């Protein structure tokens with residue numbers, strides 16, 4: 001039973017200008033885009049459209065299939081939709097009566113509709129851009145860039161080791177799940193009845209989690225021995241230090257932030273008018 | 001694999017002040033954890049926390065069917081606390097939550113601070129507080145350890161969910177009278193899955209490597225600061241949530257005064273700040289009911305386990 005988590009990991013191979021761009025710049029780009037989206041007021045439709053245009057241009061520049069990127073963001077949007085949608089009918093406002101069925105009045109408020117649509121658009125823009133940036137940046141590069149931006153070395157080492165063993169342990173977990181599925185407690189959505197009682201199934205799953213942790217503790221002990229054998233002295237070396245940014249790159253980063261700020265100001269001005 | 005109502009808050013759901021403050025708080029906790037975790041597992045071994053984090057990440061994908069297509073699954077904060085101690089658990093959960101946001105887009109980037117706060121800081125502190133409290137009350141017998149595992153799992157999920165819903169309410173994204181009963185109610189149930197998996201894991205560890213669990217009860221590292229933090233999180237969130245959900249206007253008023261409501265700048269939204277919830281008249285009651293049901297379930301499990309433990313000991 002492949003969980004598909006590996007497919008969901010966002011990096012997509014490529015050699016576009018975005019792929020080759022310094023990861024520090026991409027982080028700056030991402031953060032200024034997200035901040036801009038977060039600061040935009042409710043109902044700033046024109047600016048939303050502008051941001052959408054920017055997102056689309058960036059996606060085209062990545063030379064990756066745009067539909068795949070948009071679809072990924074859409075999948076991530078579904079839970080957000082589920083949280084926001086009920087509010088449409090629960091909040092007070094200028095109610096618009098939709099229809100009357102057998103005496104039940106179904107109505108929603110116009111102001112919530114505007115608010116919820118805005119929230120959905122903004123979160124979709126944010127998701128789209130995050131999906132894009134993580135699709136064109138390898139986690140290793142992201143990590144090196146975060147390290148250059150002040151992430152403590154120990155935390156960077158922890159992240160690096162986690163990344164190295166993540167898929168190893170996911171495969172381990174998948175083997176355990178497969179073993180369980182072939183013997184007893186069939187997982188959800190398989191169309192078959194799950195075996196055993198509820199408590200028993202929970203205990204089996206707990207046992208699997210415990211076994212996974214136990215194996216991992218033993219594995220990490222082996223990893224530690226191997227690290228010592230290779231001369232580990234308490235410092236994990238994470239590859240080359242990044243070169244200092246050029247003035248041009250710094251100026252580009254500043255420009256992005258200013259553009260974002262300008263968009264927010266424009267949007268606020270338009271709403272006020 | 002996913003909770004029906006996400007615990008991972010996406011970008012755009014928190015106002016900038018809320019997100020910023022929680023980033024700061026989380027960073028402070030993570031920095032302290034980096035200093036303290038070395039003592040828990042040995043300084044040079046600290047990078048190996050990453051391998052454990054990978055295991056918790058993989059473990060989160062384990063699930064078991066409950067009924068009708070829903071499934072129970074693991075968050076792992078409580079399990080990490082029980083296995084390696086509170087500060088190391090902060091680092092484990094930090095790695096898990098950060099990689100989820102950066103690679104799988106589970107949770108936003110600007111909201112990552114808040115997600116770290118809920119799952120790494122609150123989840124950890126509550127699990128530590130509840131587990132050490134239960135150990136003190138019930139001693140160190142087999143059933144007490146299992147009970148502790150369940151309770152730590154349940155409380156860490158429930159309180160973290162309350163924290164998340166209060167953050168949403170504070171940001172003006174989801175009014176308190178909707179967010180708190182919904183998040184609290186759902187996670188009171190999800191917490192049962194968490195508690196049972198944690199219990200199962202601990203029972204396996206007790207059977208195969210008892211020193212891992214028993215060593216913990218002697219508490220080689222005194223973490224009274226974590227204990228107090230856990231107590232405060234638990235108490236404040238348990239008391240605040242029903243209050244906030246019964247008086248959402250009050251919360252909004254506070255948020256507005258503090259300038260937290262940047263997000264909800266829609267004029268009509270401000271003019272009419274009160275909400276109606278057709279069907280559910282008393283939201284405080286709903287939250288309290290959800291909490292009470294959860295507590296009842298915990299008590300039921302306690303009695304059941306106690307009986308089993310006594311039976312086993314009599315044999």
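Data for the structure
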item	result
From the options B:74, B:91, residue that is surrounded by 24 or more Cβ atoms within 10 Å (Cβ to Cβ), in contact (Cβ under 8 Å) with a residue 60 or more places away in the chain and in contact with a strand residue (DSSP E or B) (Cβ under 9 Å, 6 or more places away or on another chain)	B:74
Breaking point among (1) facing another protein chain (nearest Cβ under 9 Å); (2) more than 16 Å from residue B:101 (Cβ to Cβ), for residue A:155	(2)
Within the range B:201-215, considering residues that are within 11 Å of chain A (Cβ to nearest Cβ) and touching a residue at least 60 places away in the same chain (Cβ under 8 Å), the one surrounded by the most Cβ atoms within 10 Å (Cβ to Cβ)	B:201
All positions within the range B:31-55 that are surrounded by 22 or more Cβ atoms within 10 Å (Cβ to Cβ) and either within 8 Å of chain A (Cβ to nearest Cβ) or more than 18 Å from the chain's Cα centre (by Cα) (or both)	B:37, B:46, B:47, B:48, B:49, B:50, B:51, B:52, B:53, B:54, B:55
Selected residue (only one of B:110, B:82, B:74 is under 19 Å from residue B:197 (Cα atoms) and at the interface with another protein chain (Cβ under 7 Å from one of its Cβ atoms))	B:74
Among (1) more than 10 Å from every other protein chain (Cβ to nearest Cβ); (2) modelled with pLDDT of 90 or more - the single one residue A:101 does not satisfy	(2)
Filter result (part of a helix (DSSP H, G or I) and within 18 Å of the chain's Cα centre (by Cα)) within the range A:133-159	A:133, A:134, A:135, A:139, A:140, A:141, A:142, A:143, A:145, A:146, A:159
Residue list for the range B:189-200, restricted to those being buried (at least 23 other Cβ atoms within 10 Å of the Cβ) and either more than 9 Å from chain A (Cβ to nearest Cβ) or under 18 Å from the mean Cα position of the chain (by Cα) (or both)	B:190, B:191, B:192, B:193, B:194, B:195, B:196, B:197, B:198, B:199
Residue list for the range A:119-157, filter: closer than 20 Å to residue B:34 by Cβ and free of Cβ contacts under 8 Å to residues at least 60 places away in the same chain	A:150, A:151, A:152, A:154, A:155
Some residue of the range B:197-219 being out of contact with any strand residue (DSSP E or B) (no Cβ under 9 Å at 6 or more places or on another chain), over 21 Å from residue B:141 (Cβ atoms), part of a helix (DSSP H, G or I) and modelled with pLDDT of 75 or more	no
Helices (runs of 4 or more DSSP H) contained in the range A:1-67 and holding at least 2 residues modelled with pLDDT of 90 or more and either out of contact with any strand residue (DSSP E or B) (no Cβ under 9 Å at 6 or more places or on another chain) or away from chain B (no Cβ under 11 Å) (or both)	A:23-39, A:45-61
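A quick yes/no check of all residues on (1) assigned by TED's automatic domain parsing to the domain that holds residue A:51; (2) exposed (fewer than 11 other Cβ atoms within 10 Å of the Cβ); (3) touching a residue at least 24 places away in the same chain (Cβ under 8 Å); (4) within 24 Å of residue A:142 (Cα to Cα):
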| residue | (1), (2), (3), (4) |
| --- | --- |
| A:207 | no, no, no, no |
| A:213 | no, no, no, no |
| A:216 | no, no, yes, no |
| A:259 | yes, no, yes, yes |
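The rows are residues; the columns are (1) at pLDDT below 90; (2) in a loop (DSSP other than H, G, I, E, B).
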residue: A:165; (1), (2): no, no
residue: A:182; (1), (2): yes, no
residue: A:192; (1), (2): yes, yes
residue: A:195; (1), (2): yes, yes
residue: A:203; (1), (2): yes, no
residue: A:214; (1), (2): no, no
residue: A:222; (1), (2): no, no
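The values are calculated or read from the model by the stated rules, or taken from the named source; none is laboratory data. Quick caveat: nothing in here was measured; it's all calculated off a predicted structure. Because the Cβ atoms are built from the backbone with ideal geometry, glycine has one as well, and the counts that use them run over all protein chains shown.
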